[in-house]
1. Scan segment 142-156 and give yes if some residue there is over 15 Å from Val8 (Cβ atoms), charged (D, E, K, R) and at pLDDT 90 or above, otherwise no.
2. Could you tell me which residue of segment 78-109 is most open to solvent (accessible area, probe 1.4 Å), considering only residues that are over 17 Å from Val29 (Cβ atoms) and touching a Ser or Thr at 6+ places or on another chain (Cβ under 7 Å)?
3. Looking at Glu190, Glu203, which one is modelled with pLDDT of 95 or more, acidic (Asp, Glu), more than 18 Å from Ser6 (Cβ to Cβ) and open to solvent by less than 10 Å² (accessible area, probe 1.4 Å)?
4. For the structure I just gave you, tell me whether Tyr28 is aromatic (Phe, Trp, Tyr) and open to solvent by less than 30 Å² (accessible area, probe 1.4 Å).
5. When Thr132 is evaluated against the numbered criteria (1) surrounded by fewer than 17 Cβ atoms within 10 Å (Cβ to Cβ); (2) in contact with a strand residue (DSSP E or B) (Cβ under 8 Å, 6 or more places away or on another chain); (3) modelled with pLDDT of 85 or more; (4) not aliphatic (A, V, I, L, M), which criterion, by number, is the only one it fails?
6. Are any residues in segment 25-53 more than 18 Å from the chain's Cα centre (by Cα) and within 11 Å of Ala97 (Cβ to Cβ), and if so, which ones?
7. Can you name the number of the only condition in (1) touching a Leu at 6+ places or on another chain (Cβ under 8 Å); (2) at pLDDT 95 or above; (3) open to solvent by 20 Å² or more (accessible area, probe 1.4 Å) that Ala120 fails?
Amino acid sequence: MNIAYSIVIPAYNEGARLGTSLARVLEYVHAQAWNAEVEVIVVNDGSRDNTAELVRGFAEKNPMLRLVENPGNRGKGYAVRNGMLNARGEVVVFSDADLSSPIEEMPKLLAALASGADIAIGSRWLRAELQTQRQSRHRQLFGRVFNVLLRIILGLRFKDTQCGFKAFTRQASQTILPLQRIERWGFDPEILFLARKFGFRVEEVPVVWGHSGDTRIHPVVDGVRMFWEMVRIRWYDLTGKYDEGSGVSAQSVKSPRV
């Protein structure tokens, strides 16, 4: 069966809210009449709660839904990569389990791909008025500092790299994800850095977004970790790690348009 769209949801100890999110995603998919052309993949990242059992329960009634298990808790970056590389769709979307950006915003990402982008990334800051619930001021400050460092260290000039709502063409996902090395929070900049390296067009798309109070990112601890992950990305590139086994040169896919 041909799959047009794959929706990947990474999940770690999400038993308390995943049921509501899955019900919403499945309701949306059914409303689009995509039943025979879509799959929903939940990647269980070594959860210690009932996440896996909850997904299996939904899957019994929804054949389009399937569970992918990580080998223990490896991090969000690993979970996204595992899900996307297991996806069969011509377009692969990943969304945070809390649906901070509603699944109903998916057509905006699809429209960007239809217009020629290879990757469409949801953005909270292109149109800040779309935010239904903002982060605290100190988290906003952390985000701005992080964005400045991204520009300096990796040359990424997006308003928002960290929004957990992104869509990829199959060619882009199958080129970039096998090369991804960052397994935790810094995987988003790595994916976008690789997109630029291999000439994929990335379009930033303003989406509705609301802050979830159950965020697991610690501004200081994870901020330091993400800084060093940025340095690692630059080091991997300088030492040719991303070229090993890629099968393509940095100019052989497309001309850079990011």
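The values are calculated or read from the model by the stated rules, or taken from the named source; none is laboratory data. Quick caveat: nothing in here was measured; it's all calculated off a predicted structure. Every residue, glycine among them, receives a Cβ derived from its backbone with ideal geometry; neighbour counts consider all protein chains shown. Ligands, DNA and RNA are excluded from the accessible area calculation, which covers all protein heavy atoms including side chains. Shrake-Rupley method; radii C 1.70, N 1.55, O 1.52, S 1.80 Å.
1. The first filter runs over segment 142-156 and keeps only residues over 15 Å from Val8 (Cβ atoms), leaving 142-156.
Those left that are additionally charged (D, E, K, R): 144, 151.
Going one step further and asking which of them are at pLDDT 90 or above, we end up with 151.
Yes, segment 142-156 has at least one match.
2. Looking at the filtered set, the residue picked out is Asp98.
3. Working: Glu203 fails: open to solvent by less than 10 Å² (accessible area, probe 1.4 Å).
Going through Glu190, Glu203 in turn, just one is modelled with pLDDT of 95 or more, acidic (Asp, Glu), more than 18 Å from Ser6 (Cβ to Cβ) and open to solvent by less than 10 Å² (accessible area, probe 1.4 Å): Glu190.
4. Numbers: aromatic (Phe, Trp, Tyr): yes; open to solvent by less than 30 Å² (accessible area, probe 1.4 Å): yes.
Spelling it out, Tyr28 is indeed aromatic (Phe, Trp, Tyr) and open to solvent by less than 30 Å² (accessible area, probe 1.4 Å).
5. All conditions pass for Thr132, except number (3).
6. Here is the first cut: in segment 25-53, the ones more than 18 Å from the chain's Cα centre (by Cα) are 26-37, 46-53.
The answer is Ser47, Thr51.
7. Tallying (1) touching a Leu at 6+ places or on another chain (Cβ under 8 Å); (2) at pLDDT 95 or above; (3) open to solvent by 20 Å² or more (accessible area, probe 1.4 Å), Ala120 fails exactly one: (3).
Matching residues to (1) of a type in the set (Asp, Glu); (2) modelled with pLDDT under 95; (3) touching a Phe, Trp or Tyr at 6+ places or on another chain (Cβ under 9 Å):
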site	(1), (2), (3)
Gly199	no, no, no
Ser212	no, yes, no
Ile217	no, yes, yes
Met226	no, yes, yes
Val248	no, yes, yes
Gln251	no, yes, yes
Ser255	no, yes, no
Val258	no, yes, yes
